[in-house]
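Working notes for the structure below.
The values are calculated or read from the model by the stated rules, or taken from the named source; none is laboratory data. What you see is a predicted model; the values in this text were computed from it and never measured. Don't worry about glycine lacking a Cβ; one is built from the backbone with ideal geometry, like all the others, and counts go over all protein chains shown.
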């Protein structure tokens, strides 16, 4: 229990120490969080006779899974920075209201998404590029996955409020519980019970339930700010808070939703120009990207509550120090990760598939896709500052810029108009990283730093 209740001192602790205390548990948590889906893919790819086809089919489910996660972050990542700012201002009542409003919206949204998914899963998968053969595997997987919509959204959406209170270790434990359960249950349901792709989905849902149960228990019983249902009068009067949460959360929501949109576009173009094999190639590349980007995300998200808290407490020097620390840590890691991607692609691909013919197609595609990976740092650090300081408009715009304005048009333009085929799909990503990431970073420097200087002219 002492481990659960260990807190980060946002008021008196050193900024670098605070970031490490927040980022390391979050890194461990996010690495393990990836296992919810990545372990599924590893085992699915090794199902005898159907592994490669089934893997591609699960890849077609990614957009739906991403949409669910996006709505989780709409309310979780939207509410947590505002919650942290109010904590920095010592407004405990408003901070609690922000958290409980987020919980209320998460609950309602999860029910709606599950119902829509049950009703329209088949036509949605078809629109996303699923062939009749792929639907055999994709449809049962997503129908079972949808059962876990509520626990999935609670686990993902409310965990930021645990971290924003300084309980980074507890946030990590909530994810560890679900991830370990998934690791154990996946081979049991897939191979021992002979449930195949259905078994992978069942294991994931059960794991999500365990993780959500822990999150709810801690926030309702042990945390400083306790979760509860809104009273009838509070529901009537929570409109302003709900609007602020959604406004800020829209940036992260748009980023994830546009990731889903890009996946749909990529799968459609790749299916047309390269067939189902290249859909499997993109599935592997997406899996590698999730794995590689996780530490960058953890550093950024671990820094976010510290930046928000000190911004609310009007400590611009600490805000800048947190940003610099975050940027340096992310840059060092990215250079190392980029080197591994370019020099050892076989190792990374081999984690997800042992199919030699699939590896031959994936290696050159992956090198193209990650050609400008280092520029992602600019996007992450810029977006984190906008979100942490409640800069809604900037955060939303740069979420849209990189994916919707740059990637989506290029995904169609390069393969067809420029006659680049499948390579055009993979080249669209590095172009967007360079253009979108650089612009986000430059605008952040031009707008945020002057504001912080106005708070403290001595900066």
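Within the stretch 353-364, the set of residues being outside any helix (DSSP H, G or I) and surrounded by fewer than 18 Cβ atoms within 10 Å (Cβ to Cβ) comprises 354 only.
With out of contact with any strand residue (DSSP E or B) (no Cβ under 9 Å at 6 or more places or on another chain), under 18 Å from residue 18 (Cβ atoms) and part of a helix (DSSP H, G or I) as the only criterion, which of 334, 308 stands out? Spell out the reasoning first.
On the way: 334 fails: under 18 Å from residue 18 (Cβ atoms).
The unique qualifying residue is 308.
Checking each residue in the stretch 266-284 for being surrounded by fewer than 23 Cβ atoms within 10 Å (Cβ to Cβ) and under 20 Å from residue 353 (Cα atoms) picks out 271, 274, 275, 276, 277.
So, in the stretch 267-281, exactly how many residues are closer than 19 Å to residue 431 by Cα and modelled with pLDDT of 85 or more? Reasoning before the result, please.
Taking the stretch 267-281 as the starting set, the residues that turn out to be closer than 19 Å to residue 431 by Cα are 267, 269-270.
After this cut, where a residue has to be modelled with pLDDT of 85 or more as well, the list is 269-270.
Selection size over the stretch 267-281: 2.
Hey, can you tell me all the residues within the stretch 231-266 that are in a loop (DSSP other than H, G, I, E, B) and modelled with pLDDT under 90? Correct list: 231 only. Quick check on the stretch 338-352: of everything there that is under 23 Å from the mean Cα position of the chain (by Cα) and in a loop (DSSP other than H, G, I, E, B), which residue is farthest from residue 54 (Cα to Cα)? It comes out as 351. Considering every residue within the stretch 411-425, establish whether at least one is over 28 Å from residue 367 (Cβ atoms) and modelled with pLDDT of 85 or more. Scanning the stretch 411-425 turns up no residue that is over 28 Å from residue 367 (Cβ atoms) and modelled with pLDDT of 85 or more. Is there any pair linking a residue in the stretch 194-211 that is in contact (Cβ under 8 Å) with a residue 60 or more places away in the chain to one that is outside any helix (DSSP H, G or I), with Cβ under 7 Å and at least six apart or on different chains, and which? Every condition considered, the pairs that remain are 196/47; 204/148; 205/148; 208/148; 209/148.
Of all residues in the stretch 105-132, those satisfying the criterion of being buried (at least 20 other Cβ atoms within 10 Å of the Cβ) and closer than 28 Å to residue 218 by Cβ are 105, 106, 110, 113.
Is it true that some residue in the stretch 205-215 is under 16 Å from residue 140 (Cα atoms) and at pLDDT below 90? For the stretch 205-215, residues under 16 Å from residue 140 (Cα atoms) and at pLDDT below 90: absent. Of all residues in the stretch 24-35, those satisfying the criterion of being surrounded by 24 or more Cβ atoms within 10 Å (Cβ to Cβ) and modelled with pLDDT of 75 or more are 25, 26. Within the stretch 36-52, being at pLDDT below 75 and part of a helix (DSSP H, G or I) holds for 36, 37, 38, 39, 40, 41, 51, 52.
Every residue, every condition in (1) within 29 Å of residue 305 (Cβ to Cβ); (2) in contact with a helix residue (DSSP H, G or I) (Cβ under 9 Å, 6 or more places away or on another chain); (3) not in a helix (DSSP H, G or I), yes or no:
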site	(1), (2), (3)
321	yes, yes, no
366	no, yes, no
402	yes, yes, no
420	no, yes, yes
426	no, yes, no
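Residue pairs whose Cβ atoms lie under 9 Å apart, separated by 6 or more positions or on different chains, with the first residue in the stretch 382-405 and at positive phi and the second buried (at least 21 other Cβ atoms within 10 Å of the Cβ) and part of a helix (DSSP H, G or I), are 390/81; 390/82; 390/85; 390/248; 390/308; 390/311. Within the stretch 289-304, can one find any residue that is surrounded by fewer than 22 Cβ atoms within 10 Å (Cβ to Cβ) and more than 17 Å from the chain's Cα centre (by Cα)? No.
Of the helices (runs of 4 or more DSSP H) contained entirely in the stretch 85-177, those carrying at least 3 residues that are at pLDDT below 95 and more than 23 Å from the chain's Cα centre (by Cα) fall at 92-127, 132-147.
Regarding residue 441, is this residue part of a helix (DSSP H, G or I), under 19 Å from the mean Cα position of the chain (by Cα), at pLDDT 90 or above and surrounded by 16 or more Cβ atoms within 10 Å (Cβ to Cβ)?
Working: part of a helix (DSSP H, G or I): yes; under 19 Å from the mean Cα position of the chain (by Cα): no; at pLDDT 90 or above: yes; surrounded by 16 or more Cβ atoms within 10 Å (Cβ to Cβ): yes.
Criteria not met by residue 441.
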